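One structure is given here, and the rest of the page talks about it.
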Amino acid sequence: MPDAAGRNGQDLSAETSVHEADDYRVVVGEECFDWRELTRSGLRDALDTLGDLLQPFADGRRAAFMEPAYDRECLPSVPLIDALYSCDGELPHDERVRLLQLLNKCRSVEPEETDLPQPVRVADGPWREPSWGMAHALARAAEGRAMSCLLAPYATEPDWPSGWLTVTRTTDAGHDEVKAHILRSPEDAQGFWRGVLTHEHVPAERFFTLTEDAFPRLLFAGSLRLHHFKGSYAEVLPWLVKLLGALNDHFTRILADCGGDQRQVIRRFDALGLDISPENANTKKNAKAWEQRNVDHGGATYRCEWHGKRLWDRDRVHFSLPISAYDDRILVGIFVGHLST
């Protein structure tokens with residue numbers, strides 16, 4: 001994690017503490033609490049699933065749920081508040097206690113007038129009345145904040161897919177369109193945090209506060225500086241997020257699938273719309289240039305011998321091969337306009 005001065009040399013401590021005080025980006029939809037049609041074993045599985053989804057966000061600031069959720073009928077004739085707090089209720093003990101602990105770590109939000117549920121739709125789907133949680137997430141998204149609504153996979157209404165969606169809302173003035181994220185599985189979280197970086201245009205000084213969540217299979221050298229690119233931050237950001245996402249998701253696997261054949265790896269990434277390559281023989285023969293690819297991390301030195309290119313003549317991200325000492329994670333070591341060759 002970056003220190004208080006950040007990777008751009010700015011003092012982030014005051015700004016970050018103020019921002020984190022209101023930093024929830026995930027709202028739990030009340031649809032997650034509808035267990036009325038589930039069998040006993042299905043109920044246990046549903047609570048486990050919901051707990052696994054909520055666990056990474058229930059840290060006191062990242063997730064919220066709406067006060068009206070407590071009155072939601074979660075089991076036949078049983079509101080959520082009674083089910084959660086009743087030791088003799090129908091919820092399995094261990095799963096009930098875990099869910100209660102996680103919800104207690106979420107912010108409880110009282111609805112405001114802007115959160116009043118109004119019919120919404122996705123694409124050509126039917127109009128639906130959203131839950132308070134969904135309406136609140138969409139209201140915050142309409143203000144320019146990247147937001148996700150947590151809908152467990154067993155919550156089939158609405159039947160929207162996971163990922164980033166354009167939602168049409170009914171408003172007093174007619175209709176508007178809002179970009180929002182639907183979270184249905186733990187794997188969806190990475191796509192959400194990457195979208196936070198691009199949809200919300202997160203400023204450069206906060207970029208590295210989100211990389212651990214957005215790219216968990218990557219390591220980031222403490223020496224990285226975004227202003228070392230030739231292009232502006234706004235120009236570089238979409239490409240940078242796309243490249244880092246592809247490295248996180250695919251590089252180690254593709255390298256293994258291709259048996260280390262560099263040409264095949266290059267072609268696979270070219271199919272993803274990304275230009276990556278290892279250093280050529282001339283660079284390796286140039287001792288001074290080759291030394292520039294060495295990066296210190298965690299008390300050891302690693303050579304970032306591959307790089308991704310935004311343009312043919314500028315903006316490079318240099319990264320290592322998978323590092324066994326870090327569970328085959330990849331070290332992103334250098335942001336630069338262009339290194340010596």
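Tallying residues that are in a helix (DSSP H, G or I) and either in contact with an Asp or Glu (Cβ under 8 Å, 6 or more places away or on another chain) or of a type in the set (A, V, I, L, M, F, W, C) (or both) within region 282-298 yields 3. So, of the residues in region 162-190 that are assigned to a loop (DSSP other than H, G, I, E, B) and within 21 Å of the chain's Cα centre (by Cα), which turns out to be nearest to GLY133 (Cα to Cα)? Within region 162-190, the match that is nearest to GLY133 (Cα to Cα) is ARG184. Of the residues making up region 299-318, those that are surrounded by 13 or more Cβ atoms within 10 Å (Cβ to Cβ) and not in a strand (DSSP E or B) are CYS304, GLU305. Hey, can you tell me all the residues within region 276-298 that are basic (Lys, Arg), in contact with a helix residue (DSSP H, G or I) (Cβ under 9 Å, 6 or more places away or on another chain) and open to solvent by 70 Å² or more (accessible area, probe 1.4 Å)? Within region 276-298, LYS284 is the sole residue that qualifies. Candidates VAL122, VAL78: the one that is touching a Gly at 6+ places or on another chain (Cβ under 8 Å) and farther than 22 Å from PRO56 by Cα is VAL78.
Yes/no per residue for (1) within 30 Å of VAL120 (Cα to Cα); (2) open to solvent by 10 Å² or more (accessible area, probe 1.4 Å):
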| position | (1), (2) |
| --- | --- |
| THR166 | yes, yes |
| VAL178 | yes, no |
| ILE182 | yes, no |
| SER185 | yes, yes |
| SER223 | no, yes |
| LEU244 | no, no |
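Among the residues of region 191-207, those that are assigned to a helix (DSSP H, G or I), open to solvent by less than 10 Å² (accessible area, probe 1.4 Å) and either closer than 21 Å to ARG253 by Cβ or not small (Gly, Ala, Ser) (or both) comprise PHE192, VAL196, LEU197, PHE207. Identify all residues within region 139-154 that are in contact (Cβ under 8 Å) with a residue 24 or more places away in the chain, farther than 14 Å from THR170 by Cα and either part of a loop (DSSP other than H, G, I, E, B) or small (Gly, Ala, Ser) (or both); write none if there are none. Result: ALA141, GLY144, ARG145, ALA146, MET147, SER148, LEU151, ALA152, PRO153, TYR154.
Annotation: LEU151 fulfils all but one of (1) open to solvent by 50 Å² or more (accessible area, probe 1.4 Å); (2) touching a Cys at 6+ places or on another chain (Cβ under 8 Å); (3) not small (Gly, Ala, Ser); the unmet one is (1). Of GLU95, GLU143, GLU157, all but one fail to be of a type in the set (Asp, Glu), over 29 Å from SER41 (Cβ atoms) and out of contact with any Phe, Trp or Tyr (no Cβ under 9 Å at 6 or more places or on another chain); the exception is GLU143. Regarding THR211, is this residue closer than 25 Å to LEU311 by Cα and open to solvent by less than 10 Å² (accessible area, probe 1.4 Å)? Answer is yes for this residue. Pairs are defined by a Cβ separation below 7 Å, a sequence spacing of at least 6 or placement on different chains, a first member in region 249-266 that is under 19 Å from ASP327 (Cα atoms) and open to solvent by less than 70 Å² (accessible area, probe 1.4 Å), and a second member that is in a helix (DSSP H, G or I) and at pLDDT 95 or above; the pairs so defined are ILE254/VAL265; ILE254/ARG268; LEU255/VAL265.
For (1) touching a helix residue (DSSP H, G or I) at 6+ places or on another chain (Cβ under 6 Å); (2) in a helix (DSSP H, G or I); (3) open to solvent by less than 50 Å² (accessible area, probe 1.4 Å); (4) within 24 Å of LEU54 (Cβ to Cβ), each residue gets a yes or a no:
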position	(1), (2), (3), (4)
PRO111	yes, no, yes, yes
THR114	yes, yes, no, no
GLY125	no, no, yes, no
ALA137	no, yes, yes, yes
THR156	no, no, no, yes
TRP160	no, no, yes, yes
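The values are calculated or read from the model by the stated rules, or taken from the named source; none is laboratory data. This one's a predicted model, so the numbers in the text were calculated from it and none came from an experiment. All Cβ positions, glycine included, derive from the backbone under ideal geometry; neighbour counts span all protein chains shown. With ligands, DNA and RNA removed, areas are computed over all heavy atoms of the protein, side chains included. Shrake-Rupley method; radii C 1.70, N 1.55, O 1.52, S 1.80 Å.
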